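Contents: one structure, followed by commentary.
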Amino acid sequence: MSFDVGLIIFILISISSLGLLVYFNNPKNKTNRLFGVLVFFIIVWMVSNFLENEISNFKLATLLLRVDFASASFIFYFWLLFCFNFPQPRRAFSRVKNILIFIPTIVFAGLSFTDL
């Protein structure tokens, strides 16, 4: 096992453990749930980012690059929600504001799978 693979596995285990620890500490807390989802998308981003450079199959590397960019847009969305809710929710977003913030996330995530 090379140093890079060992390091990425160590980081993934550490981040996963932290995310699971926070989530299962109080799964009903909105901040904990947001952090858990944020960690999930960070893991997806890390794995896709690492594998796109390690895989020699061009089509699979291209797919992983697109997953990389799509997951990054979800990281932005959940990071923003997490920041507004940490340590305690200050004010609730209205459904309209939440949708308006989510629209660019969906657009950029969808566009990452096109040639645009």
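A few points about this structure:
- Those lysines that a straight Cα-Cα span of less than 30 Å connects to Lys97, excepting residues fewer than 8 apart in one chain: Lys28, Lys30
- Net charge contributed by nearby residues that have their C-beta within less than 14 Å of Gly36 (K/R +1, D/E -1): +3
- Three-way shape label, the range 1-54, alpha-carbon gyration tensor, a/c 1.5: oblate
- Residues Met46 and Gln88, FRET efficiency given R0 of 35 Å [Cβ-Cβ distance, rounded to 0.05]: 0.75
- In the elastic network of the chain, a GNM with C-alpha springs shorter than 10 Å, the most mobile of Leu51, Leu60, Leu80 is Leu60.
- Within the listed set Val67, Val37, Val96, the residue fluctuating most in the Gaussian network model of the chain (springs between alpha-carbon atoms under 10 angstrom) is Val96.
- Over the chain: helical MRE at 222 nm, DSSP H runs n ≥ 4 each giving -39500 (n - 2.57), nearest 500: -28000 deg cm²/dmol
- Of all accessible heavy-atom area on the range 16-114, the percent that carbon and sulfur account for (1.4 Å): 72
- Among residues other than Val47 with Cβ under 15 Å from its Cβ, the summed charge is -3 (Lys and Arg +1, Asp and Glu -1).
- Taking the longest Cα principal axis of the chain as reference, the axis of helix 58-85 is set at about 20 degrees.
- Computed across the chain, the Kirkwood radius stands at 15.6 Å (inverse of mean 1/r, all Cα pairs).
The values are calculated or read from the model by the stated rules, or taken from the named source; none is laboratory data. This is a predicted model, so every value here is computed, not measured. Because the Cβ atoms are built from the backbone with ideal geometry, glycine has one as well, and the counts that use them run over all protein chains shown. Heavy atoms of the whole protein, side chains included, go into the accessibility calculation; ligands, DNA and RNA do not. Shrake-Rupley method; radii C 1.70, N 1.55, O 1.52, S 1.80 Å.
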